[in-house]
Structure formats: C-alpha cells, structure tokens
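Everything below concerns the one structure shown next.
Readers should treat all values here as calculations from the given coordinates under stated rules, not as data from a laboratory. Just so it is clear, the model here is predicted, and its values are computed rather than measured. For neighbour counting, all protein chains shown are included, and Cβ atoms are generated from backbone atoms with ideal geometry for every residue, glycine included.
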Amino acid sequence: MPLYPFGYGLSFTTFRYSRLNVPRTVAAGNPLTVSVTVKNTGKMDGEEVVQLYLTHPDVSGKAPIRALKGFQRIALRAGESRKVAFTLTPEDLSLVDARGQFYAPKGKVVLSIGGGQPGQRHNTSGTVQVRSFIVE
C-alpha cells in the first residue's frame, strides 16, 4: 500500500460529494456521461482531486479490482459547490483480454466517485459515492 494515497495533502478543508448522476443502463459501444456535486464544507479555500473508478464485478476471468478512469483537480472557495462531469468512452468501459485485445463486457459495472478509492478512509473528503449501471 502506498504511503500516501492519490491526491493526498491538497487542502486544509473538507469536502462533501452528493447528487451522483449515473444512467441505469448504457448500450455497449456508446459513451457514458456521469456527474457529481462537490461542496467545500470547511472554513478554508481548498483543492480536491475528484477520482472516478470502475469495477466489473460479474466478469469471469481476470479483471482489475478497480480501475481509475478519470480524475479532475478542482479548487473551491469555502462553502462553494461545483458540478463535476466525466464522459467515459467505450474504451474506458472496456477490459483487456489475455491477448491484449479490448472487449466490452456486458452486465453490471460499479462506478465510484470521490476524493479517493472506495473503501479507504478519507480525512478531508466525504463518503465516496457509489452507483452501479448495466452495459447492454
């Protein structure tokens, strides 16, 4: 495990994530746009690295536990909120097989978005928002 997680030490304030917007389904081969609202809930201005991870829990065979598919560094004044959007390409939603070829697995995909990886404790960021969607 790394000594410091990705984005560590950027601020002396706290952030809250809310209003995660993820469609319920996406057609294989199509892009996907998701968004979340980030609010600086502290008393000081600060910077946050908003991180988006994908997990393919239903894939048989080898697949990463989670894959970082996007990040944005944002600066927010104390009390300020901002909507942050990511557009995932068909390649972002794909995996790589044993021959090194991209393929788009159908089924459930879990999306996590926040100031760090899901399941990790974050001192300045609120709870990581998690939603699933289906690739048809």
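Give the aspartates and glutamates whose C-alpha is closer than 15 Å to that of Lys39, dropping any in the same chain fewer than 8 places away, or say none. The reachable aspartates and glutamates, counting only those whose Cα sits under 15 Å from Lys39, are Glu47, Glu48, Glu80.
Scanning the chain for chymotrypsin sites (Phe, Trp or Tyr not before Pro) in DSSP loops with at most 14 other Cβ atoms within 10 Å, what's the longest stretch left with none?
The longest uninterrupted stretch comes out as 13-136.
Once you have the Cα-Cα distance between Arg82 and Ala67, take 0.36 nm times their residue separation minus that, and quote the gain in nm to one decimal. Spell out each step's value before the answer.
Working: separation 15, 0.36 × 15 = 5.40 nm, distance 2.43 nm.
Gain in length upon complete extension: 3.0 nm.
Measuring r between the beta carbons of Ile74 and Glu136 and using R0 = 35 Å, the FRET efficiency lands at 0.65.
Three principal axis extents of region 15-135 based on alpha-carbon atoms, in descending order, are 50, 25, 20 Å. Simple spin-label estimate for Ser60 and Ala27 gives 2.8 nm between the two label positions (7 Å along the Cα-to-Cβ direction from each Cα). Modelled label positions at Asp97 and Thr37, each set 7 Å beyond Cα in the direction of Cβ, lie 4.4 nm from each other.
Please list, by residue number, every one of the GluC sites (Glu not before Pro) in region 46-88 that is coil in DSSP and has at most 16 other beta-carbon atoms within 10 Å.
Values: sites: Glu47, Glu48, Glu80; in loops: Glu80.
The qualifying sites are Glu80.
Listed values for region 73-83 are Karplus-derived 3J(HN,Hα) couplings in whole Hz (6.51 cos²θ - 1.76 cosθ + 1.60, θ = phi - 60°), namely 8, 10, 10, 10, 6, 3, x, 7, 10, 8, 7, and x replaces Gly and Pro. Annotation: amide H-H contacts under 5 Å for Gly70 (H modelled 1.01 Å from N, sequence separation of 5 or more, or interchain): Leu52. In order along region 15-20, the phi-based Karplus estimate (6.51 cos²θ - 1.76 cosθ + 1.60, θ = phi - 60°) of 3J(HN,Hα) comes to 10, 10, 9, 8, 6, 5 Hz; Gly and Pro are listed as x.
Looking at the chain as a GNM with Cα springs under 10 Å, which of Ile74, Ile113, Ile65 has the largest mean-square fluctuation? Maximum among the listed residues: Ile65. The local environment of Gly70, defined by Cβ-Cβ distances under 13 Å, has a net charge of +1 under the rule Lys, Arg +1 and Asp, Glu -1.
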